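Right, one structure below, let's go through it.
The values are calculated or read from the model by the stated rules, or taken from the named source; none is laboratory data. Every value quoted in this text rests on a predicted model; they were computed, and no experiment measured them. Because the Cβ atoms are built from the backbone with ideal geometry, glycine has one as well, and the counts that use them run over all protein chains shown. Calculation scope for accessible area: heavy atoms of the full protein, side chains included, ligands and nucleic acids excluded. Shrake-Rupley method; radii C 1.70, N 1.55, O 1.52, S 1.80 Å.
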Amino acid sequence: VFSEHVIVDNTNKALQSVCKLYTIDVVDYHVGPQFANNEWKWCHEWVIECEKAPEDQEKFIIDLDNALKECNSYYAWKRNWDLMMQIPVVHFVKKWTFLDRFAYKGKVWGQNKIPKLANNRNILDELITLM
């Protein structure tokens, strides 16, 4: 969305490396855009479903941001000095939130998946309303 060329492989690697540090098991996640307005610069907004959220969530977010910078030089360049993009916003949600979204949509049975990344806020906003 912001020409930072982030792909699922980048987010998977970044999240896995940070979760090892915090001994957190992620069930699922989704990343969408937070568009610039009077209050925000552009950034990624994450919804992370896990058994237990990290105790120091602010440090987790900083470490996740740094891990993503290591995985993707375009992202690192866009994040330099918070000029174009600010640090991500992360929501930790309880287990089953992603499944609850399918129930809300009437799609509990079958092979349904939520994409890890999106260029719009459709899924992101649905997940946030279920928090």
(request) Name the longest site-free stretch of the chain, where the excluded sites are GluC sites (Glu not before Pro) in a DSSP loop with no more than 15 other beta-carbon atoms within 10 Å. (result) 56-131
(message) Could you report the accessible area of ARG121 in Å², rounded to 10, computed with a 1.4 Å probe on the protein chains as they sit in the structure?
(response) 50
(message) Before I look further, what does the chain give for accessible area per residue, probe 1.4 Å, in whole square angstrom?
(response) 61
(request) Report LYS13's accessible area, 1.4 Å probe, all protein chains in place, as a number in Å² to the nearest 10. (result) 110
(message) Using Cα springs under 10 Å in a Gaussian network model of the chain, which residue among LEU83, LEU64, LEU117 shows the largest mean-square fluctuation?
(response) LEU83
(request) For THR129, tell me the accessible area in Å² from a 1.4 Å probe, rounded to the nearest 10. (result) 110
(request) Note down the magnitude of the dipole of the chain about its Cα centre, charges +1 on Lys and Arg C-beta and -1 on Asp and Glu C-beta and zero elsewhere, to the nearest 20 debye. (result) 380
(message) Whole-Hz ³J(HN,Hα) for each residue in the stretch 31-41, computed from phi via Karplus 6.51 cos²θ - 1.76 cosθ + 1.60 with θ = phi - 60°, x for glycine and proline: what do you get?
(response) 10, x, x, 10, 7, 5, 8, 5, 9, 10, 8
(message) Testing the spin-label approximation: label points 7 Å from Cα along Cα→Cβ at GLN86 and VAL26. State their distance in nm.
(response) 2.2
(message) Counting only protein heavy atoms and a 1.4 Å probe, tell me what percentage of the chain's accessible area is made up of carbon and sulfur.
(response) 52
(message) Which one, SER17, CYS43, ASN112, is farthest towards the positive end of the dipole of the chain when Lys and Arg carry +1 and Asp and Glu -1 on their Cβ?
(response) ASN112
